[in-house]
Structure formats: C-alpha cells, structure tokens
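> Next up is a structure, given as structure tokens.
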Amino acid sequence: MNPPIRILIHGASGRMGQALSRLSAERDDIQLVAAVSRSKPAQRVVDGVPQFSVAELHGVPAFDVAIDFSLPAGFDAILGLCLERGAALVSGTTGLGPEQRAAIDRASARIPVLWAANFSLGVAVLCELVERAARTLPGWDCDIVESHHVHKKDAPSGTALVLGACAEEGGATPRHAAIRAGDIVGEHLVQFTGLGERVELVHRATNRDVFARGALHAAARLAGRDPGSYGLRDLL
C-alpha cells in the first residue's frame with residue numbers, strides 16, 4: 001500500500017477549511033499534516049494536526065499538496081511556499097487579480113497546479129455534457145440560470161461563467177441569469193432550446209461538503225503529477 005499523501009490546508013479556519021479538515025479524516029489515502037489560518041491558533045495541536053498562523057507558514061512540516069481556500073491577500077504566500085517546496089497546489093480562492101492569475105501560469109512550469117471556481121465532481125461532468133450538447137446542437141439558444149443564497153454577491157457565479165465557457169467551446173453563445181433567494185447552496189441549469197424542443201442539464205448541490213470532497217479528490221490525484229496547469233475534469 002502506498003503511503004498517504006501529505007496535505008496542508010491553507011485557510012483552515014474558514015468554512016471550507018473546516019470541512020476539509022473534517023472530511024480528510026475519513027480517507028486512508030490522505031494525511032493532514034498542517035492547518036494554516038490567518039490568526040495565531042488557540043491550540044497548537046487539534047485532533048493530532050499541528051496548527052499554524054500565516055506568519056508561521058515557512059515553519060510547516062513537509063507536505064505533498066497544499067489545498068488553499070483563503071483570500072487573495074494570502075494566495076501569493078502559499079503559491080510561493082509550494083514553489084519553494086516543490087509541492088502541488090489545489091486552490092479555490094476567488095477574487096484573484098490578473099497578476100496572480102499570471103503567477104499561476106508561471107508556477108505551472110515548475111509544479112502541478114489546479115485552480116477551480118467549483119470543486120463539485122458533478123459540475124465537472126456537467127461541463128463536459130454542456131460542451132458536447134453545444135457542439136451537437138448548433139444554432140440552438142443556450143441559457144444558463146444559476147441560483148444561490150441571498151448572501152452571495154457575485155452574479156453570474158464563477159461556476160456559471162465556467163459553464164458558459166464550456167458552452168462557448170462547443171460553439172454556443174450562452175446568456176446568463178442569476179437568482180438570489182433563501183439559503184440555496186447552489187443550483188445551475190443549462191438550457192438548450194430549439195424549435196419545438198428543449199434540453200435541460202441541471203446540477204444541484206444540497207450541502208457544501210461536496211466541494212470539500214472534490215478538493216480532496218483533486219489533491220489525491222494531483223500529487224506526484226508532472227508540472228502543469230490542470231482542471232478538475234483532468235482528474236476525474
């Protein structure tokens with residue numbers, strides 16, 4: 001049996017970071033070796049996992065993959081550490097600037113890197129279906145309707161834009177609509193409409209654990225790969 005893949009979580013105190021910490025304990029192929037948060041940890045070890053602040057980032061133990069769900073202000077440091085250590089990076093941090101995007105491209109020449117707006121494995125499959133439908137149904141109208149909770153500020157969502165890009169790859173010209181209501185975790189409908197018929201492709205997330213599980217899946221598959229820029233679809 002291969003040794004477990006050593007994981008570092010960057011942004012461990014956030015909602016996604018907490019889910020990653022909890023769900024990583026369910027997997028035998030992953031070992032969580034460090035959890036990094038913005039603030040100084042109240043406890044140095046929690047459930048056997050060493051805790052670090054961002055200021056102590058360079059003191060973390062050896063790791064194979066960093067999973068980053070933090071803020072743009074903290075992204076450069078974790079990318080730099082992965083380059084320094086020769087470790088892979090899986091990131092879902094949103095709001096990155098053009099220079100940070102360019103830094104990801106440069107880093108991919110030295111380490112395996114995956115950035116995604118959505119880590120749901122179902123959404124990754126949906127992207128493939130959308131691209132195939134767009135290519136197979138030329139000239140049909142393409143509409144993407146996404147629904148999220150009332151606190152989500154960006155519209156269209158990052159996932160909707162990714163789905164739109166998949167539709168464009170297939171030759172469609174997508175139109176977007178956004179709904180903000182209640183506590184909806186995330187729903188995405190991609191609709192292709194022709195004369196007298198309609199095809200609907202839908203993904204619904206009922207809890208946020210699906211995103212954490214997808215990120216752990218990506219980390220396990222990314223470790224040990226050749227340098228490059230990967231997408232979640234590459235790791236299914």
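> Scan the stretch 1-16 for residues that are part of a loop (DSSP other than H, G, I, E, B) and either in contact with a strand residue (DSSP E or B) (Cβ under 6 Å, 6 or more places away or on another chain) or not polar (S, T, N, Q) (or both) and jot them down. Spell out how you get there, then give the answer.
The initial filter retains those residues of the stretch 1-16 that are part of a loop (DSSP other than H, G, I, E, B), namely 1-4, 11-14.
Correct list: Met1, Pro3, Pro4, Gly11, Ala12, Ser13, Gly14.
> While we're looking at this one, here's another question. So for the stretch 49-63 (the condition being out of contact with any Pro (no Cβ under 6 Å at 6 or more places or on another chain), surrounded by 21 or more Cβ atoms within 10 Å (Cβ to Cβ) and closer than 30 Å to Arg175 by Cβ), does at least one residue qualify?
no
Yes or no, residue by residue, for (1) farther than 28 Å from Ala88 by Cβ; (2) assigned by TED's automatic domain parsing to the domain that holds Asp68:
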{"position": "Ala107", "(1), (2)": "no, yes"}
{"position": "Leu126", "(1), (2)": "no, no"}
{"position": "Arg132", "(1), (2)": "yes, no"}
{"position": "Val145", "(1), (2)": "yes, no"}
{"position": "Lys153", "(1), (2)": "yes, no"}
{"position": "Ala165", "(1), (2)": "no, no"}
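> Moving on to the next point. Can you confirm whether Glu146 is buried (at least 21 other Cβ atoms within 10 Å of the Cβ) and charged (D, E, K, R)?
On the way: buried (at least 21 other Cβ atoms within 10 Å of the Cβ): yes; charged (D, E, K, R): yes.
Yes: the conditions hold for Glu146.
> What strands (runs of 3 or more DSSP E) lie completely within the stretch 149-236 and have 1 or more residues being under 20 Å from Leu20 (Cβ atoms)?
Hits in the stretch 149-236: 186-194, 197-205, 228-230.
> Ok, one more. Would you call Ala205 at pLDDT 95 or above and of a type in the set (Gly, Ala, Ser)?
Details: at pLDDT 95 or above: no; of a type in the set (Gly, Ala, Ser): yes.
The answer is no for Ala205.
> I would also like to ask the following. Could you check the stretch 105-130 and list, in sequence order, the residues that are surrounded by fewer than 18 Cβ atoms within 10 Å (Cβ to Cβ) and assigned to a helix (DSSP H, G or I)?
Asp105, Arg106, Gly122, Val125, Glu128, Leu129
> Here's another thing I want to ask about it. For the stretch 17-33, enumerate the residues that are among the aliphatic types (A, V, I, L, M), surrounded by fewer than 22 Cβ atoms within 10 Å (Cβ to Cβ) and in a helix (DSSP H, G or I).
Ala19, Leu23
> For the condition in contact (Cβ under 8 Å) with a residue 60 or more places away in the chain and closer than 25 Å to Arg15 by Cα, what is the one hit in Ala73, Ala109, Ala116, Ala66? Step through it out loud before you land on a result.
Working: Ala73 fails: in contact (Cβ under 8 Å) with a residue 60 or more places away in the chain; Ala109 fails: closer than 25 Å to Arg15 by Cα; Ala66 fails: in contact (Cβ under 8 Å) with a residue 60 or more places away in the chain.
Only one candidate passes the filter, namely Ala116.
> Output the residue which, of all residues in the stretch 179-214 that are out of contact with any strand residue (DSSP E or B) (no Cβ under 7 Å at 6 or more places or on another chain) and of a type in the set (Lys, Arg), is surrounded by the most Cβ atoms within 10 Å (Cβ to Cβ).
The extreme case among them is Arg213.
The values are calculated or read from the model by the stated rules, or taken from the named source; none is laboratory data. From a predicted model like this one, the values you see are computed outputs, not experimental measurements. Note: ideal-geometry Cβ built from the backbone for every residue, glycine included; neighbour counts use all protein chains shown.
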